[in-house]
Every structure is written in C-alpha cells, then in structure tokens.
Amino acid sequence: QVQLVESGGGLVQAGGSLRLSCVPSGSIFSFNAMGWYHQGPGKQPELVATITSGGTTNYADSVKGRFTISRDNAKNTVHLQMNSLKPEDTAVYYCYARRPSATYWGQGTQVTVSS
C-alpha cells in the first residue's frame with residue numbers, strides 16, 4: 001500500500017509564503033503524476049497543481065503565478081511552494097499520486113491564511 005506523508009502546513013498572514021512537501025513510500029517516478037488538491041470550508045475539492053513523471057506542470061487558474069510545484073529527485077519529494085497567499089487559499093491540502101491502476105492520497109495538511 002502506498003503512503004504519502006505531507007508536511008509544511010500552518011498559519012500565515014496574507015501575503016506570506018508556505019512550502020508543502022509530500023514524500024511517497026515508492027519512488028516519485030513510479031507515478032504518472034503527483035500533485036495537490038485543496039478543500040476549503042464548505043467547498044468541493046479543487047485540483048491545485050500537478051507535475052507529471054515527465055516534468056510537465058499544470059495549475060489551477062486561481063494559483064497561477066503564485067504557486068510552484070516541483071520535484072526534489074534526490075529526496076524523493078514533491079514540493080508546493082505557495083507565495084502571495086490569500087485568505088481564500090485557506091484549506092486542507094491533500095497530496096495525491098496517480099498510477100494507471102489507482103490514485104493514492106495523503107492525510108491532508110491544514111493551511112490557514114489570516115487577513
């Protein structure tokens with residue numbers, strides 16, 4: 001069973017930055033894609049950012065220019081650098097990893113942005 005361990009959430013003021021990290025129990029290259037969803041209070045889950053095994057990245061329109069997803073191959077880690085945070089970014093952020101046969105999820109990490 002694949003496990004995804006997330007870290008890096010917390011409380012930050014608007015305009016601040018946070019970096020989320022996700023470490024899978026398998027190689028990051030064993031997945032077709034990895035990324036992050038978030039779910040705000042009373043909202044549906046939304047795809048935030050994705051990075052494919054080939055390095056292609058995609059972002060939700062709401063975070064383009066502010067968030068960057070990347071891989072640290074040596075540490076087998078996927079990062080989500082979040083800059084210029086806004087109160088509307090407040091959500092639980094979930095790391096995911098996708099293979100043809102299944103999608104795996106982390107436990108979630110809370111990000112709270114105060115105004």
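If you roll a 1.4 angstrom probe over the protein chains with everything in place, what fraction of the accessible area of the chain belongs to carbon and sulfur, to the nearest %?
Its accessible area is 47 percent carbon and sulfur atoms.
Residues with amide H under 5 Å of Thr90's amide H, sequence separation 5 or more or different chain, H placed in the peptide plane at 1.01 Å from N; which?
Val113
May I ask you to list the aspartates and glutamates whose Cα is less than 20 Å away from that of Lys75, ignoring any residue fewer than eight positions away on the same chain?
Here the aspartates and glutamates satisfying the reach criterion relative to Lys75 are Glu6.
What accessible area, in Å² to the nearest ten, does a 1.4 Å probe give for Asp61?
Taking all protein chains as shown, Asp61 has close to 120 Å².
So if each residue of separation counts as 0.36 nm, and I subtract the Cα-Cα distance between Asn32 and Ser115, what length gain in nm does that give?
26.2 nm
Which FRET efficiency value, to the nearest 0.05, is calculated for Val5 and Lys43 with the Förster distance at 25 angstrom and r the Cβ-Cβ distance?
Computed FRET efficiency for Val5 and Lys43: 0.50.
How many Å² of accessible area per residue for region 59-115, probe 1.4 Å?
50
Sorting check: for 36-45, 106-115, which peptide has the highest mean count of neighbouring beta carbons within 10 Å, and how do the rest follow?
Ranking, from highest mean packing down: 106-115, 36-45.
May I ask you to rank Leu18, Leu85, Leu11 by accessible area, largest first, using a 1.4 Å probe over the protein chains only?
Leu11, Leu18, Leu85
What accessible area per residue comes out for region 1-54, rounded to a whole number of Å², with a 1.4 Å probe?
51
The values are calculated or read from the model by the stated rules, or taken from the named source; none is laboratory data. Remember, predicted model here, so these are calculated numbers, not experimental data. In this analysis, Cβ positions are derived from the backbone assuming ideal geometry, glycine residues included, and neighbour counts consider all displayed protein chains. Note: accessible area is taken over every heavy atom of the protein model, side chains too, but ligands, DNA and RNA are not part of it. Shrake-Rupley method; radii C 1.70, N 1.55, O 1.52, S 1.80 Å.
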